[in-house]
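Data first, discussion second: the structure below is written as structure tokens.
Bear in mind these aren't lab numbers, they're just calculated from the coordinates by the rules spelled out. Nothing here was measured: the structure is a model prediction, and the numbers come from that model. Please note: Cβ atoms are built from the backbone with ideal geometry, for glycine as well, and neighbour counts cover all protein chains shown.
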There are 2 protein chains.
Amino acid sequence: MQRARTQEAKEERRQALLAAALDEFFERGFAAARMDDIAARAQLSKGALYLYFDSKDALFSALVETYALPNVARIESFAQSGISGLRMLLRMAPSLIRETPLPKIMKILIAEAAAFPQMASAYRETAIERVLNALAAMLARAKKAGEVDIGDPALTARLVVSPMVMSAIWRVSFEHDPQARVDLDALFSEYERILMRALGAKDMALP
Amino acid sequence: MQRARTQEAKEERRQALLAAALDEFFERGFAAARMDDIAARAQLSKGALYLYFDSKDALFSALVETYALPNVARIESFAQSGISGLRMLLRMAPSLIRETPLPKIMKILIAEAAAFPQMASAYRETAIERVLNALAAMLARAKKAGEVDIGDPALTARLVVSPMVMSAIWRVSFEHDPQARVDLDALFSEYERILMRALGAKDMALP
DNA sequence: AATAACTTACTAACCAGTCAGTTATTAAGG
DNA sequence: CCTTAATAACTGACTGGTTAGTAAGTTATT
């Protein structure tokens, strides 16, 4: 097999191993996933895998760190731009759920939270709580400006993201079965209508 | 140790083993949970455990079947009694999440859905889909009666239960950390207000 | 004394992590 | 160019520890 001599080639191998680990951990769970299988999925031997990651635990931590943050920052940025940003986020939701690794990461996190509590806490603080806070701040601003009529912004933020969380989990838990398929576009367009009324939002167009 | 001679005593042992399995599977995941530990938690030896369940897989199936249905039937019954039943359900939600094994079962199911797809499908059909259908039927009736103003009842039902799903998952994933604690009573009373407006519900009192 | 619930020690299989050896790649010398 | 030596990426067989499942033996109960 061709070898990774340059720094970039090595980084590529690392990414391939992380992608392989994502799928294996997702499908089998941390305990049942085999280092041999992860390496094979990335076209390497187990020995080579250990050149890139010190242990199964280290691979797992790297995985969560690598995949969590980019998508979180993306979601956070939507919350910067007020209620219309929230509507944009709702329109992104179906593709976020269908096309990013976020649902798989969420599943892995939920599955392993009890076994790796410190990791769950870290992820909550650096990813989830950031999204919730950004959303809560946005809602608080909109409330002050009289654009929405809500109670506690922090609680409302939780309610607002719930359908995204549930849909992501639904997808990875049940959608291997075609019978369980949900029309995410229809769901989130329904949600947009319902949520705007729920927030008592003064109609701010957006097609 | 005292022995289970009668049929009832054996049933008690079985329940104790299932309760032990619930906690072990929840904490460690299916693959990492040890039959020795499950037996020990129920004050039995591993050998005795195998008198009650043929294999680790069989124990797992029995667990999901045993704990899924009773709570599901309870939730389903709320949906029988129209919008006021929905409000009752929202008021039950905090205790359902705090005091029943439902959140743990949900976590286990999500964690093992990829490894046991046929079990995930079965649970979806016999439990989750039943709740969603009952809720959708209730919403459809209310819509016809002009009590609510909504689009597709089936999609709306999904949106309605989302905060319960998210809260249950949040609890089992993050609430070992006191910092992550959420005031479920406040959350769901906020939700009740917001949801009634979201559904365009004609105010039907209920204190 | 008979029964069957239960225990414990065992085995067969599995897998994370290691390490001695192999080979692709590069570079220098002819 | 071609050969050869040096390097380091990579392989795969091995080991030590772990655990599902078993079965022969033990003991509470009637």
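Would you call A:Lys143 buried (at least 22 other Cβ atoms within 10 Å of the Cβ) and either touching a residue at least 24 places away in the same chain (Cβ under 8 Å) or at negative phi (or both)? Before you say what the answer is, go through the steps one by one.
Working: buried (at least 22 other Cβ atoms within 10 Å of the Cβ): no; either touching a residue at least 24 places away in the same chain (Cβ under 8 Å) or at negative phi (or both): yes.
Judged against the criteria, A:Lys143 is not a match.
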Within the stretch A:1-44, restricting to residues that are within 14 Å of chain B (Cβ to nearest Cβ) and farther than 24 Å from B:Glu27 by Cβ, the one that is farthest from DNA strand C (Cβ to nearest atom) is A:Asp23
How about the stretch B:108-197: which helices (runs of 4 or more DSSP H) wholly inside it have at least 3 residues that are more than 21 Å from B:Leu69 (Cα to Cα) and among the basic types (Lys, Arg)?
B:129-144
Qualifying residues in the stretch A:167-183 (those that are facing chain B (nearest Cβ under 8 Å) and farther than 16 Å from B:Ser162 by Cα) - the one surrounded by the fewest Cβ atoms within 10 Å (Cβ to Cβ):
A:Gln179
Looking at the stretch A:154-162, can you tell me whether even one residue there is free of Cβ contacts under 8 Å to residues at least 24 places away in the same chain, at the interface with chain B (Cβ under 7 Å from one of its Cβ atoms), surrounded by 19 or more Cβ atoms within 10 Å (Cβ to Cβ) and over 18 Å from the mean Cα position of the chain (by Cα)?
yes
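Looking at B:Glu65, B:Glu129, B:Glu125, B:Glu99, which is the one that is charged (D, E, K, R), closer than 15 Å to B:Leu18 by Cβ and more than 16 Å from DNA strand D (Cβ to nearest atom)? Working first, answer last.
On the way: B:Glu129 fails: closer than 15 Å to B:Leu18 by Cβ; B:Glu125 fails: closer than 15 Å to B:Leu18 by Cβ; B:Glu99 fails: closer than 15 Å to B:Leu18 by Cβ.
Matching residue, one of B:Glu65, B:Glu129, B:Glu125, B:Glu99: B:Glu65.
Listed here are the residues, each with its yes/no results for (1) within 16 Å of DNA strand C (Cβ to nearest atom); (2) under 28 Å from B:Phe188 (Cα atoms); (3) away from chain A (no Cβ under 14 Å); (4) not aliphatic (A, V, I, L, M).
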position	(1), (2), (3), (4)
B:Leu49	yes, no, yes, no
B:Asp57	yes, no, no, yes
B:Ser61	no, no, yes, yes
B:Val64	no, yes, no, no
B:Pro70	no, yes, yes, yes
B:Ile75	no, yes, yes, no
B:Gly85	no, yes, yes, yes
B:Leu90	no, yes, no, no
B:Ser95	no, yes, yes, yes
